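Colleague: Before anything else, here's the structure in question.
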Amino acid sequence: GYAGGGICRSSGTVLNTIIVSNTVNGVESNLYGAASGFTYSCAPELVAGEGNKTGDPRFENPAFGNYRLRLASPCINSGTIQVWMTNAVDLAGNPRIRNQFVDMGAYESLADGGSVIFVR
């Protein structure tokens, strides 16, 4: 079978990409062809490969088209920086490199992690 709207890779490298929910009736693969050549990407089928993740990317609200990453996403700060990213921006116009890291996917997370302390 074929993937739903998934990625068909015949050569080259797929990098910093999130590929989920691109199946036909939840049965087929998100990918068509070999998974080799995928690095620093997230998809259920990417059990091997440098920097790859297989878990839920934890989008904010994909049902309403919000594919930004929630703070608990395993894809935050999990991408790999490329030379062209120095002055590049994400789909929302935010810097692609943030705090010397890059996220997987099309949007950079804007929330900085940290501790919240309540004092009474």
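Colleague: For region 67-85, give me each residue that is among the hydroxyl-bearing types (Ser, Thr, Tyr) and either farther than 16 Å from Leu15 by Cα or outside any loop (DSSP other than H, G, I, E, B) (or both).
Modeller: Tyr67, Ser73 - these are the residues of region 67-85 that are among the hydroxyl-bearing types (Ser, Thr, Tyr) and either farther than 16 Å from Leu15 by Cα or outside any loop (DSSP other than H, G, I, E, B) (or both).
Residues are listed down the side, and each one gets a yes or a no for (1) hydroxyl-bearing (Ser, Thr, Tyr); (2) modelled with pLDDT of 95 or more; (3) within 21 Å of Thr23 (Cα to Cα):
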| position | (1), (2), (3) |
| --- | --- |
| Glu45 | no, no, yes |
| Asn52 | no, no, yes |
| Cys75 | no, yes, yes |
| Arg98 | no, no, no |
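Colleague: Suppose we keep only residues that are out of contact with any helix residue (DSSP H, G or I) (no Cβ under 6 Å at 6 or more places or on another chain) and of a type in the set (A, V, I, L, M, F, W, C) within region 84-101. Which one would you say is farthest from Tyr40 (Cα to Cα)?
Modeller: This residue is Ala92.
The values are calculated or read from the model by the stated rules, or taken from the named source; none is laboratory data. Everything numeric here is computed off the predicted structure, so don't read it as measured data. Please note: Cβ atoms are built from the backbone with ideal geometry, for glycine as well, and neighbour counts cover all protein chains shown.
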